[in-house]
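This report refers to the structure that appears directly beneath it.
Laboratory data are not the source of any read-out in this text; all were calculated from the coordinates shown. All of these numbers come straight from a predicted model, not from anything done at the bench. For neighbour counting, all protein chains shown are included, and Cβ atoms are generated from backbone atoms with ideal geometry for every residue, glycine included.
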Amino acid sequence: MLNPKTVLLHLNDRRRAKSLLDAVLPAARRWGAHVIGVGALPPAVVLGAGMPGAPSPIILDQARRDAAAIVKDLHRAFEESLSGSGCLGEWRVADAEDSSVSEVVLREARTVDLV
């Protein structure tokens with residue numbers, strides 16, 4: 001097997017972030033791989049409101065605000081782990097504005113060697 005040169009790590013849970021990073025970074029260092037950390041924002045929920053045909057939707061974006069806080073924490077954890085790992089990497093935020101979290105993470109995954 002050839003060594004992957006790019007590794008994508010989707011982080012979405014504060015509780016699991018350290019264990020995922022601890023599993024991925026040593027292997028990436030051995031391979032000399034570039035690690036791409038990805039946090040994803042879910043789409044906003046839009047509900048119709050008012051009389052039928054009335055253009056006054058209600059946008060529920062509390063989940064997006066909560067996810068943005070989580071992604072910020074995950075970014076910090078990624079950078080802290082990366083700094084002591086001997087690996088090179090980058091952090092990306094995938095925004096599922098009009099799709100789903102899985103779709104935007106898969107879109108990021110198309111350009112890497114290993115997910």
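When only Cα pairs under 8 Å and 6 or more residues apart are kept, what is the percent relative contact order across the chain?
Result for the chain is 37 percent.
Rounded to whole Å, give me the distance from the Cα center of region 60-75 to that of region 1-34.
22
Quick one: which residues, 5+ away or cross-chain, put their amide H under 5 Å from the amide H of LEU9? H built at 1.01 Å from N.
ILE36, GLY37, VAL38
Starting from a Cα-only point model with no solvent, please compute log10 I(q)/I(0) by Debye for the chain at q = 0.14, 0.20, 0.21, 0.24 1/Å.
-0.61, -1.03, -1.10, -1.31
Scan the chain and hand back the longest stretch that contains none of the trypsin sites (Lys or Arg not before Pro) lying in DSSP loops with at most 13 other Cβ atoms within 10 Å.
In short, 6-109.
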